[in-house]
Amino acid sequence: MSGDSCASAGGQLLNHAKARRTRSVDVGQQHVHAEARSVLRAVAALGCVLVAACTDATPETGSGSVVDSATPADVRTAQWGLGRAPSAAEIAAVDIDVGPGGDALPAGRGSVAEGAPLYAAQCAGCHGAKGEGLAKFPPLIGRDPKGEDFGFGKDPALVRTIGNYWPYAYTLFDYIRKSMPHGGAGRLSDSETYAVTAWLLAQNQVIADTTTLDAASLRAVKMPAEKRFVPDNRKGGPEVR
Ligand code: HEC
């Protein structure tokens, strides 16, 4: 078994791990975390097979870190007759996280005006024509003045929205691209995702109605709640600063 084949299967695992790291900084996206957890469980289940069979590329360090090891591509195929190595194109198709700071945002651009009909067609059925939320589907628009002082901890009835709670605008793009419309993720092109993101940010009074967003301009958007968050710099202890 070659180191190359090890690296290739490792790519798939690392891809899951990378996606998980990005998702872990998203705020309040429970189902995404649940999805990431199930991916990790699958990775952990595979890990013992892959690591065991990849000793040429991964000497026995005892690190126990499955996802960070170079692991073989065709172990399952060769040993169990299952699966195959993913192609570079297949990995690229799911390697869509925007990176910390939005540094891996894709090409494309979309305006607030282009986002309006997209929202109406793809999103309003669940989130309401004005983003007010319907039944169990969360509101996306609203700057409840009572929420502007970030009193969510004291008053659980205050509604958290993109406008008063989300710290980073590129996270919104990332979330929509990966998971919305619910059940139809991937239906929107990157430019359409920029447009819907722009429309939602404009409705939340974060950007002007005339804005067109692309990677650079989305990275530059400052969210009202950003100052309410600090980078998580814990080193494994329970302390929160
Ligand atoms: C079939 C129903 C459905 C459709 C259509 C839909 N969503 Fe959602 N959306 C949901 C559900 C359910 C959640 C809550 C997911 C969760 O918290 O686990 C959600 C959550 C969200 C959130 C996160 C809200 C927050 O602050 O936590 C955003 C942003 C969002 N949707 C954007 C969109 C956009 C943009 C579209 C259209 C492209 C869209 N949704 C279409 C059902 C839908």
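Every number here is computed from the coordinates shown, using simple stated rules; none is lab data. This one's a predicted model, so the numbers in the text were calculated from it and none came from an experiment. As a convention, Cβ positions derive from the backbone with ideal geometry for all residues, glycine included, and neighbour counts pool all protein chains shown.
The figures follow:
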| quantity | calculated |
| --- | --- |
| Percent of C-alpha pairs per 5 Å bin, the stretch 110-228, short to long | 2, 12, 22, 25, 20, 12, 5, 1 |
| Simple label model, 7 Å out from Cα along Cβ direction - residue 132 to residue 104, nm | 4.0 |
| Set of lysines with alpha-carbon distance to residue 136 below 26 Å, sequence-local pairs under 8 removed | 146, 154, 178 |
| Area projected by the alpha carbon convex hull of the stretch 93-178, averaged over all directions, nm² | 7.2 |
| Inter-label distance, nm, simple model (7 Å from Cα along the C-beta direction), residue 80/residue 233 | 4.3 |
| Separation of alpha-carbon centers, the stretch 92-149 and the stretch 184-241, rounded to whole Å | 9 |
| Local net charge near residue 149, Cβ-Cβ under 14 Å (Lys/Arg +1, Asp/Glu -1) | +3 |
| Convex hull of the stretch 191-241 built on C-alpha atoms - directionally averaged projected area, nm² | 5.0 |
